[in-house]
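The values are calculated or read from the model by the stated rules, or taken from the named source; none is laboratory data. In this text, all values refer to a predicted model and were calculated from it rather than measured experimentally. Please note: Cβ atoms are built from the backbone with ideal geometry, for glycine as well, and neighbour counts cover all protein chains shown.
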Amino acid sequence: MYKILLVSKDKTNLSELSAALETGFDVDLLWAESGNNALETVANAVVDLVLTDEDVGDMSGLELAREVVRLNPMVNCATVSPLSHDDFHQASEGLGLMAQLPPHPGAEQAGTLMQRLKELYPGR
């Protein structure tokens, strides 16, 4: 089972993605409504993936990913961003993000993320 932390100040932004993850994969979804709540969760629990909305209330998704990497570089991160591929790459350089997700990600993105997690953690 994979443990995924979804971070959004508005759960509806990630609702299609969370529904696809819950119904199609062996995952335990956790939610945080702010970056600080997410960092507290990462500090106190084993998490395979932190998936952030573009804006998590008290910081941007990219800022949260940066803080997660500082706290625990072994935690994978993905974030929602409307930036172009090149702009996103430049803004996230050095963070080792697993993926850039479009606004309101859904089942397709859930499948891609899970495939990448399975490649990172074979046999789970």
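Picking from residues in the stretch 98-109 that are at pLDDT 95 or above and part of a strand (DSSP E or B), the one that is nearest to Asn72 (Cα to Cα) is Gln100. Counting the residues of the stretch 76-112 that are within 20 Å of Asp48 (Cα to Cα) and touching a strand residue (DSSP E or B) at 6+ places or on another chain (Cβ under 6 Å) gives 10. Condition check for Val69 on (1) outside any loop (DSSP other than H, G, I, E, B); (2) at pLDDT 95 or above: one failure, at (2). A single entry from Val75, Val80, Val56, Val69 fulfils the requirement of being under 14 Å from the mean Cα position of the chain (by Cα), under 21 Å from Gln109 (Cα atoms) and surrounded by fewer than 22 Cβ atoms within 10 Å (Cβ to Cβ): Val75. Just one of (1) under 21 Å from Ser15 (Cβ atoms); (2) modelled with pLDDT under 95; (3) of a type in the set (Asp, Glu) fails for Asp53. It is (2). If you go through the stretch 99-108 and pick out every residue that is more than 14 Å from Pro82 (Cβ to Cβ) and in contact (Cβ under 8 Å) with a residue 24 or more places away in the chain, you end up with 2. Report, by residue number, each residue of the stretch 35-48 that is over 22 Å from Ala19 (Cβ atoms) and not in a helix (DSSP H, G or I). Listed by number, the residues that qualify are Ala45, Val46.
Criterion first (farther than 16 Å from Leu17 by Cα, aliphatic (A, V, I, L, M), in contact with a strand residue (DSSP E or B) (Cβ under 9 Å, 6 or more places away or on another chain) and surrounded by 18 or more Cβ atoms within 10 Å (Cβ to Cβ)) does Leu62 satisfy it? Yes, satisfied. When the stretch 4-27 is filtered for residues that are over 11 Å from the mean Cα position of the chain (by Cα), surrounded by 14 or more Cβ atoms within 10 Å (Cβ to Cβ) and outside any helix (DSSP H, G or I), the ones remaining, listed by number, are Lys9, Phe25, Val27. Given the condition over 21 Å from Leu120 (Cα atoms), of a type in the set (A, V, I, L, M, F, W, C) and touching a Ser or Thr at 6+ places or on another chain (Cβ under 7 Å), answer yes or no: does some residue in the stretch 37-46 qualify? No.
The listed residues are Leu95, Leu51, and the only one of them that is in contact (Cβ under 8 Å) with a residue 60 or more places away in the chain and either of a type outside the set (Asp, Glu) or assigned to a helix (DSSP H, G or I) (or both) turns out to be Leu51.
Scanning the stretch 53-86 for residues being under 12 Å from Met98 (Cα atoms) and in contact with an Asp or Glu (Cβ under 8 Å, 6 or more places away or on another chain) gives a total of 4.
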